[in-house]
Amino acid sequence: MNLFPSIEYASPAEIRSLQEQKLAELLKYLQDHSVFYQRMFSANGINVENIRKLEDLQQLPLTSKSDLQQYNHDFFCVPGHKIVDYSTTSGTLGDPVTFGLSDSDLERLAYNEAISFACAGIKEGDLVQMMTTVDKRFMAGLAYFLGLRKMGAGVIRMGPGIPELQWDSILRYKPKWLITVPSFLLKMIEFAENHGIDYRNSSVYGAVCIGESLREQDFTDSALSRKIGEKWGIRLFSTYASTEMSTAFAECGLQQGGHQHPELIITEILDENGEPVLPGETGELVVTTLGVEALPLLRFKTGDLVTAHHEPCGCGRTTMRLGPVVGRKQHMIKYRGTTLYPPALNDILNDFDGITVYQIVIRTNSIGTDEIIVKISTDEKREDLLNEVKDRFRAKLRVSPKIEVIPSEELTLQVHNPKSRKPLHFLDLRL
């Protein structure tokens, strides 16, 4: 297969033409097969044949996560016997949503991951250690495996956690790449240093990272990325995806944002009123999936606040690139008159060498306003650490949250809960 599709190097006019063709096909498909969208079109007097240009999408209502939760079954476009895999969202914002995938959807998923990994630099014949789960109805883990096999890479299915076993596998099989949550690499480094493993001279060249930001908005390294890089000089590549999108935005070697696959997804960046933002402005990412058979989505609100970059990339791709996620709309915190998003808090905490693990908890206090509790664990016996952390928050964000020191074993179990697919660095307990 061609791991570098020509459409990703095409002119904006060619990309638009392809997307408008696929949009017309999608709308007819939804009209014929989706109970939810049939109902939406009818209720709003929409003739899908009138939706021809990308700008015409503005005539259609938006689809929300609550729609998926409330009418989950009505989104399915194929009968049950055509579903060959069931996945669920992680339930970050409420009850998980079930997604069924057909054979065609699994092929599409494999194609998406293969070209995404190729964008990051993985090649046929490379050996890749997967440090993410492939079970628990987690779409991403399955997608990684299928994509790596489709592109002809070798796979070591290690799953998450347990640094000792990860290092045993690295030293035994010598993978070139890792797929992991980046903060876990700090655990790998700590274990290696405590057990005399020469990790800096291991076989690992790079890691494709999920779930946590590696970049600032100007594409410089985040605090977490710098912290890893100071210890272990492997290359770190950021990806952004979700179960709902069934599509990934992956960095190329220039690491200037996640490249869109225009044959797989249409993107809009909208303001609070549902209008397109001006170039360079931040807004909510809204996606329309292309080529999905079982559960396609039309103008789905991801809840993620991002900035789009449209200038051609130095790698030769002309596709839109997504900057790092600023935050989730639902996770916005109003604290003492200041608007905050969890990534800003993460960056401050990741910048402290003395903090071994942390968790940010948001809850509603007795007077109905947001309250932030930052739980930290540390190996250092420094009485001034709490004051230093508070001072850093004040300097960077103008406010300082309540900070609690928790024993490392206790907090590690809360953050790296075996029932969760991802580290629980952020808990939103607001009413």
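Hey, does segment 224-234 have a residue that's in a strand (DSSP E or B) and either under 18 Å from Lys123 (Cα atoms) or of a type in the set (Asp, Glu) (or both)?
Scanning segment 224-234, I find no residue that is in a strand (DSSP E or B) and either under 18 Å from Lys123 (Cα atoms) or of a type in the set (Asp, Glu) (or both), so the answer is no.
Is there a residue in segment 232-252 that is over 23 Å from Phe145 (Cβ atoms), in the same structural domain as Gln69 (by TED's automatic domain parsing) and crowded, with 17+ Cβ neighbours inside 10 Å?
yes
Please work out which residue is farthest from Pro61 (Cα to Cα), limiting yourself to segment 292-326 and to residues that are of a type in the set (Gly, Ala, Ser) and in contact with a Ser or Thr (Cβ under 8 Å, 6 or more places away or on another chain).
Filtering segment 292-326 down to residues of a type in the set (Gly, Ala, Ser) leaves 294, 303, 308, 314, 316, 323.
Subset that is in contact with a Ser or Thr (Cβ under 8 Å, 6 or more places away or on another chain): 294, 308, 323.
Numbers: Ala294: 21, Ala308: 22, Gly323: 26 Å.
Across segment 292-326, the extreme among qualifying residues is Gly323.
May I ask you to list the residues in segment 251-273 that are aliphatic (A, V, I, L, M) and within 18 Å of Leu57 (Cβ to Cβ)? Please lay out each step first, then the result.
Restricting attention to segment 251-273, the residues satisfying the condition of being aliphatic (A, V, I, L, M) are 254, 264-266, 269-270.
Answer for segment 251-273, where residues must be aliphatic (A, V, I, L, M) and within 18 Å of Leu57 (Cβ to Cβ): Leu264, Ile265, Ile266, Ile269, Leu270.
Identify, please: which residue in segment 150-164 is assigned to a helix (DSSP H, G or I) and in contact with a helix residue (DSSP H, G or I) (Cβ under 6 Å, 6 or more places away or on another chain) and is, among those, modelled with the highest pLDDT?
Top of the filtered list is Lys150.
Quick check on segment 382-416: of everything there that is free of Cβ contacts under 8 Å to residues at least 24 places away in the same chain and outside any helix (DSSP H, G or I), which residue is nearest to Leu340 (Cα to Cα)?
Only one residue tops the list, namely Ser400.
Applying the selection to segment 224-273, what residues are farther than 21 Å from Asn350 by Cβ, charged (D, E, K, R) and in contact (Cβ under 8 Å) with a residue 40 or more places away in the chain? Explain how you work it out, then say what you get.
Start the filter on segment 224-273 by keeping residues that are farther than 21 Å from Asn350 by Cβ, which leaves 241-250, 252-254, 256, 259-273.
Now restrict to residues that are charged (D, E, K, R): 244, 263, 268, 271-272.
Listed by number, the residues that qualify are Glu244, Glu263, Glu268.
In the list Ile210, Ile228, which residue meets the criterion of being β-branched (Val, Ile, Thr) and surrounded by 23 or more Cβ atoms within 10 Å (Cβ to Cβ)?
Of the residues listed, the single one that is β-branched (Val, Ile, Thr) and surrounded by 23 or more Cβ atoms within 10 Å (Cβ to Cβ) is Ile228.
Among the residues of segment 1-17, is any assigned to a helix (DSSP H, G or I), touching a residue at least 40 places away in the same chain (Cβ under 8 Å), within 30 Å of Leu427 (Cα to Cα) and among the hydrophobic types (A, V, I, L, M, F, W, C)?
no
Quick check on segment 1-58: of everything there that is among the polar types (S, T, N, Q) and buried (at least 17 other Cβ atoms within 10 Å of the Cβ), which residue is nearest to Thr288 (Cα to Cα)?
So the residue we want is Gln19.
Kindly evaluate Leu178 against the criterion of being part of a helix (DSSP H, G or I) and either surrounded by fewer than 21 Cβ atoms within 10 Å (Cβ to Cβ) or modelled with pLDDT of 95 or more (or both).
no
Could you run through segment 134-149 and say how many residues are not basic (Lys, Arg) and not in a helix (DSSP H, G or I)? Explain how you work it out, then say what you get.
Within segment 134-149, the first condition is being not basic (Lys, Arg), and the residues that meet it are 134-135, 138-148.
Then drop every residue that is not not in a helix (DSSP H, G or I), which leaves 134-135, 138.
Result for segment 134-149: 3.
The values are calculated or read from the model by the stated rules, or taken from the named source; none is laboratory data. None of these values were measured; they are calculated from a predicted model. Please note: Cβ atoms are built from the backbone with ideal geometry, for glycine as well, and neighbour counts cover all protein chains shown.
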